[in-house]
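Asks: The following block contains the structure, expressed as C-alpha cells.
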Amino acid sequence: MCAMARPRKPLLSTDRIVETARALVDAEGLAAVSTRRLAAELGVSGPSLYNHFRTKDEILEAVADSVSAQVDLSMFEDGRDWRTALHDWAVSYRAALRDHPNIVPVLARGPGRRPAALRLADAVYGAMVDAGWPPAQATSIGALMRYFIMGSALGSFAGGFVDDASAYDPADYPHLGQAHLLAEQQEKIDERAFETGLTALLDGLARQYEQVRRAV
C-alpha cells in the first residue's frame, strides 16, 4: 500500500495563525477572536492551535507585534537628524496603526515581551541618547511620542461628527454650523491635525534640545 503523500506546506503555522487573527481583528474587532473562531477560519481543529499559542491573549499579543513590525525604523540608522527621524518614524507608526486600528488597545498596554515592539522602543531611545538627549529625557520623549501617535489612532476627530446639519442647532452650538461637513473630509482633516500636532510637538522638543546642548 502506498503511503499518503505529505502536503507540501504545513496546514498550520504561527505566521498563518497570526495573519488570520489579524485579518479577523481588522474586520470585526478584538471580541471576534476566539480559538474556536480561529480554528474554523483556518480549517483546523481547535486543539491544534495550542501547539503554537497557549491562550487567546498570546495570539492577540502576536498580532499586535506583527503590526509593530510594520513600522519603519530605518530613519534611526541612516544619518537623519533626531528631529527628522522622529517625524518620519511617527508618520510610519501612525500609518501602521491607521491600517489596523482595532489592535491599538493591545498595543497601548506597552511592549511587554513583544520582540518587534521592544526593537521599536530600543531604536527610539537609542537614537535620542546618541543625539545628545539625557537618558531620562530620551525616555520621556519615547513615552510622549507613543501617547501622541496612539491617541491619534484611537479614533477619527472628523468622523465623530454626524452628517446631519439639524444636529447642530445654532441656538445651542453657534460655532458648529459647518460641523456636519467634517465627516466627508475625514481623512484630510485628520491628517492635517496629526501633522499640526506633530510639528508643534517637535518644535517644543527642539527648544528643549537647545537648552540641553547649552548646558553641556
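Asks: Give me the Kirkwood hydrodynamic radius of the chain, using the inverse of the mean 1/r over all pairs of distinct Cα atoms, in Å to one decimal. Working shown, then result.
Replies: Numbers: mean 1/r = 0.0494 Å⁻¹.
Computed over Cα pairs of the chain, the Kirkwood hydrodynamic radius comes out at 20.2 Å.
Asks: Have a look at P105, P174, P115 and tell me which one the Gaussian network model of the chain (Cα, springs below 10 Å) gives the largest fluctuation.
Replies: In the Gaussian network model the winner is P174.
Asks: Starting from the Kirkwood radius over alpha-carbon pairs of the range 113-159, derive D by Stokes-Einstein at 20 °C in a medium of 1.002 mPa s and give it in µm² s⁻¹. Please report the intermediate quantities before stating the final value.
Replies: Values: Rh = 11.8 Å.
So the translational diffusion coefficient is about 182 µm²/s.
Asks: Additional query: Distances over 15 Å make up what percent of all Cα-Cα pairs in the range 20-78?
Replies: 53
Asks: Have a look at A69, A32, A136 and tell me which one the Gaussian network model of the chain (Cα, springs below 10 Å) gives the largest fluctuation.
Replies: Comparing A69, A32, A136 in the GNM, the peak value goes to A136.
All of the numbers you see were taken from the coordinates with simple rules; none came from a lab. Note that this is a predicted model, so its numbers are computed, not measured.
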